[in-house]
Amino acid sequence: DAGVTQSPTHLIKTRGQQVTLRCSPKSGHDTVSWYQQALGQGPQFIFQYYEEEERQRGNFPDRFSGHQFPNYSSELNVNALLLGDSALYLCASKSGANVLTFGAGSRLTVL
Amino acid sequence: EDQVTQSPEALRLQEGESSSLNCSYTVSGLRGLFWYRQDPGKGPEFLFTLYSAGEEKEKERLKATLTKKESFLHITAPKPEDSATYLCAVQAASGGSYIPTFGRGTSLIVHP
């Protein structure tokens, strides 16, 4: 049973560029959340998607946007990249009130 | 605002040397407290959920306990493969958001 899969695993961008990260949730899960984890920090909640709508949002600017598709997969888009956006971006899925299952993350470096 | 503070930030142990990690929290009504393990470059892996003060959960060399203000992750006779960052997260009962707030984690290194 495949868990949460994320792509790409690593990517390098320059300031001002845009990036799209992708996530396939664990089989049977319908809710997807995205987290940003800077080096040495805990995961910070970006937003959560359920039934193709953004249901909750953390304290992140509008440069961060997302989408959920009918097959429950999700994308995270970040526009106008800043150096401070360099981090590990984690996707997590769940079904109902169950605990989160995390993917291995996408490591974004902004130069 | 929910807050989670983990201590120590880093811990070095010799193989077999038991110790405890602390997670202090402030939340408006606790719905659940979670412990995760995170290996370098990987996503967090779920370990335990605790719901009420006095509850304990065990898994191999790990034991998690919960009071009204903090949780402890006890590691008994650790092995080098227990080296990882351990994350604590709390989920508030109020507001209906159910979004967990994470601490910064404790980085554990176990030397052979």
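When you look at B:Gln3, is it among the polar types (S, T, N, Q), within 20 Å of A:Gly40 (Cβ to Cβ) and within 10 Å of another protein chain (Cβ to nearest Cβ), yes or no? Explain how you work it out, then say what you get.
Working: among the polar types (S, T, N, Q): yes; within 20 Å of A:Gly40 (Cβ to Cβ): yes; within 10 Å of another protein chain (Cβ to nearest Cβ): no.
The answer is no for B:Gln3.
Mind listing just one residue for me: the one in the stretch A:20-47 that is at the interface with another protein chain (Cβ under 9 Å from one of its Cβ atoms) and exposed (fewer than 15 other Cβ atoms within 10 Å of the Cβ) and, of those, nearest to B:Gln91 (Cα to Cα)?
That would be A:Gln41.
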Unique match (being farther than 22 Å from B:Tyr98 by Cβ and either out of contact with any Pro (no Cβ under 6 Å at 6 or more places or on another chain) or within 10 Å of another protein chain (Cβ to nearest Cβ) (or both)) among A:Arg15, A:Arg55: A:Arg15
Residues being more than 11 Å from the chain's Cα centre (by Cα), over 21 Å from B:Glu81 (Cα atoms) and surrounded by 13 or more Cβ atoms within 10 Å (Cβ to Cβ): count how many of those fall in the stretch B:2-24. 1
Report the residue count in the stretch A:81-111 for those that are farther than 21 Å from A:Leu39 by Cα and either among the hydroxyl-bearing types (Ser, Thr, Tyr) or at pLDDT 95 or above (or both). 2
Tell me yes or no: at least one residue of the stretch B:31-40 is within 14 Å of B:Glu81 (Cβ to Cβ), more than 12 Å from chain A (Cβ to nearest Cβ) and charged (D, E, K, R). no
Any residue at all in the stretch B:53-63 that is surrounded by fewer than 21 Cβ atoms within 10 Å (Cβ to Cβ) and either under 30 Å from A:Tyr50 (Cα atoms) or among the hydroxyl-bearing types (Ser, Thr, Tyr) (or both)? no
Whichever residue in the stretch B:14-59 is basic (Lys, Arg) and touching a residue at least 40 places away in the same chain (Cβ under 8 Å) and, among such residues, is farthest from A:Val4 (Cα to Cα): B:Arg31
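In this structure, is B:Glu70 modelled with pLDDT of 95 or more, touching a Cys at 6+ places or on another chain (Cβ under 7 Å) and not hydroxyl-bearing (Ser, Thr, Tyr)? Before you say what the answer is, go through the steps one by one.
Details: modelled with pLDDT of 95 or more: yes; touching a Cys at 6+ places or on another chain (Cβ under 7 Å): yes; not hydroxyl-bearing (Ser, Thr, Tyr): yes.
Yes.
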Restricting the stretch B:67-112 to residues that are touching a Ser or Thr at 6+ places or on another chain (Cβ under 7 Å) and free of Cβ contacts under 8 Å to residues at least 60 places away in the same chain, the one nearest to the other protein chains (Cβ to nearest Cβ) turns out to be B:Thr85
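The values are calculated or read from the model by the stated rules, or taken from the named source; none is laboratory data. Everything quoted here is computed from the prediction, not taken from an experiment. Cβ coordinates were reconstructed from backbone atoms using ideal geometry, including for glycine residues, and neighbour counts include every protein chain displayed.
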